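I have placed the structure first, in the form of structure tokens, so that the comments after it can refer back to it.
The values are calculated or read from the model by the stated rules, or taken from the named source; none is laboratory data. The structure presented is a predicted model; accordingly, all values stated were derived computationally and were not measured. Quick reminder, even Gly has a Cβ in these numbers, built from the backbone with ideal geometry, and neighbours come from all protein chains shown.
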Amino acid sequence: MFLISGTESECCGCGACVEVCPTNCISFAENNETFLFPKIDRSKCVSCKKCENVCPFNKPRENKITPKSIFFGVHKNKETVFKSSSGGAFSSVGKILLKDGYTVCGVKWNGLKVVNSFADNEKDFEKFRKSKYILSDTNRCFSKIKNMLSQGEKVLFVSTPCQVEALKNFLTKPSENLFTIDLVCHGGPGQKLFDIYIEETEKTHKNKIKEYSFRNKEPLKGRINTRSAKITFENGKEIITDAKKDPFLRAYYSRLFFRKSCLKCPFANLNRPGDITLGDGWGAEKTDNRLNPETGVSLIIINSDKGEKLLERIYKEGNMELFPISESEATAGNSALLHPTPRHRNREKFFENLKKGFYPSIKKYSKSPFFKRLYTKATRIIRKK
């Protein structure tokens with residue numbers, strides 16, 4: 001645990017320790033890589049150890065979870081798939097639970113900030129769709145969820161596995177009224193890095209950015225590019241860019257600037273903390289040639305009895321096409337279900353050089369070794385065949 005060891009790879013920045021502290025002696029401070037880490041005011045600390053008990057990195061996973069079933073899935077509504085990063089499974093699950101009276105806690109854009117928020121209707125729920133490749137501000141949501149559950153309310157919590165585990169530790173005991181979804185996650189940068197990128201991009205284009213959308217599905221040069229993004233400026237100008245042109249996307253997909261904890265993630269396996277796990281259905285076309293991950297296919301892993309009951313509801317609703325698959329088919333296109341993201345060889349050099357500018361630092365350090373680039377290109381060609 002970071003608060004004890006000072007080892008930065010043992011903190012994911014979830015903020016659970018800050019929330020649980022009874023004397024408010026823990027606060028966040030920025031390190032030299034722009035990531036937030038907790039610090040303790042020892043004069044206020046009463047050694048209650050609540051911060052240790054709540055930390056998702058402090059203790060080994062108690063229960064070995066074996067997936068009950070695994071599927072590739074695609075929503076039958078094409079518009080839903082288009083508005084989703086993958087195949088629309090989150091929309092299907094979320095709307096089922098909204099009908100059952102659940103309040104959803106998910107991640108949304110607040111301007112150009114990524115924060116955890118709540119929705120109890122479909123209009124607000126829509127803001128949780130689409131990937132946001134930035135580590136979110138949990139916004140003290142754990143305390144709010146605990147209070148809601150204590151009053152008999154039902155909550156769906158969807159986030160990265162480290163945040164799901166942090167919430168479960170924060171609650172100290174299971175709740176029948178809580179449903180959790182963890183996302184297959186490779187890791188990510190913090191908000192401050194994205195802020196720096198936005199500032200430099202606005203200077204380059206001499207215009208303020210209004211909206212940013214990852215995983216844009218509008219065609220770029222005649223085809224959908226899953227590594228693209230759409231940038232909307234305040235003057236109405238829109239740009240669809242990709243990892244070849246955009247420095248933030250290039251750095252993200254080369255895994256250059258991830259938080260250290262992401263590179264040693266204890267959840268990068270099939271022992272998942274959520275009732276279900278959702279991700280991208282990479283490689284789905286090999287299971288069934290009707291599936292196209294470029295347009296959108298979801299990976300759905302059922303981990304608990306609650307998850308199985310929800311699966312029955314999905315079948316009953318009839319709005320998803322589901323394709324049962326094996327563990328090997330699920331992991332073939334999702335390395336984050338096998339091991340943590342490898343550290344980029346230039347990671348530390350990038351952060352040391354960051355003061356000289358985001359754009360030049362990315363240009364200088366984001367390239368992968370030649371043979372890795374060759375392997376990646378070959379893999380993409382094979383996927384298309």
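Condition test on Ser86, is it assigned by TED's automatic domain parsing to the domain that holds Lys108 and hydroxyl-bearing (Ser, Thr, Tyr)?
Working: assigned by TED's automatic domain parsing to the domain that holds Lys108: yes; hydroxyl-bearing (Ser, Thr, Tyr): yes.
Against the criterion (assigned by TED's automatic domain parsing to the domain that holds Lys108 and hydroxyl-bearing (Ser, Thr, Tyr)), Ser86 qualifies.
Please indicate, with yes or no, whether at least one residue in the stretch 59-81 is aromatic (Phe, Trp, Tyr), farther than 30 Å from Ser213 by Cα and either in the same structural domain as Gly296 (by TED's automatic domain parsing) or surrounded by 14 or more Cβ atoms within 10 Å (Cβ to Cβ) (or both). No: zero hits.
Can you say whether Lys173 is among the basic types (Lys, Arg) and either at pLDDT 95 or above or surrounded by 19 or more Cβ atoms within 10 Å (Cβ to Cβ) (or both), as far as the supplied structure shows? No. Filtered by the rule that a residue be over 20 Å from Ile181 (Cβ atoms) and more than 24 Å from the chain's Cα centre (by Cα), the stretch 310-353 gives Gly318, Lys349, Glu352, Asn353.
Can you name the residue in the stretch 212-228 that is in contact (Cβ under 8 Å) with a residue 24 or more places away in the chain and hydrophobic (A, V, I, L, M, F, W, C) and, of all such residues, is surrounded by the fewest Cβ atoms within 10 Å (Cβ to Cβ)? Among those residues, the one meeting the criterion is Ile224. Within the stretch 300-326, if we keep just the residues that are among the β-branched types (Val, Ile, Thr) and closer than 23 Å to Cys185 by Cα, the residue that is surrounded by the fewest Cβ atoms within 10 Å (Cβ to Cβ) turns out to be Ile302. From the list Lys39, Lys64, the lone residue that is more than 30 Å from Ser328 (Cβ to Cβ) and more than 21 Å from the chain's Cα centre (by Cα) is Lys39.
A single entry from Ile196, Ile209, Ile181, Ile231 fulfils the requirement of being free of Cβ contacts under 8 Å to residues at least 40 places away in the same chain, at negative phi and among the aliphatic types (A, V, I, L, M): Ile231.
Given the structure, is Lys132 within 16 Å of the chain's Cα centre (by Cα), in contact (Cβ under 8 Å) with a residue 12 or more places away in the chain and crowded, with 18+ Cβ neighbours inside 10 Å? Talk me through it step by step, then tell me what you get.
Details: within 16 Å of the chain's Cα centre (by Cα): yes; in contact (Cβ under 8 Å) with a residue 12 or more places away in the chain: yes; crowded, with 18+ Cβ neighbours inside 10 Å: yes.
Yes; evaluated as a whole, the condition is true for this residue.
Scanning the stretch 192-211 for residues that are touching a Ser or Thr at 6+ places or on another chain (Cβ under 9 Å) and surrounded by 20 or more Cβ atoms within 10 Å (Cβ to Cβ) returns a single hit, Leu193. With respect to the conditions (1) surrounded by 14 or more Cβ atoms within 10 Å (Cβ to Cβ); (2) among the aliphatic types (A, V, I, L, M); (3) more than 23 Å from Ala229 (Cα to Cα), Val107 lacks only one, and its number is (3).
Does the stretch 152-159 contain at least one residue that is in contact (Cβ under 8 Å) with a residue 24 or more places away in the chain, among the polar types (S, T, N, Q) and either under 16 Å from Asn271 (Cβ atoms) or not assigned by TED's automatic domain parsing to the domain that holds Phe90 (or both)? No; the residues of the stretch 152-159 include none that is in contact (Cβ under 8 Å) with a residue 24 or more places away in the chain, among the polar types (S, T, N, Q) and either under 16 Å from Asn271 (Cβ atoms) or not assigned by TED's automatic domain parsing to the domain that holds Phe90 (or both). Of all the residues in the stretch 332-343, those that are surrounded by fewer than 18 Cβ atoms within 10 Å (Cβ to Cβ) and either of a type in the set (Val, Ile, Thr) or more than 20 Å from Gly188 (Cα to Cα) (or both) number 1.
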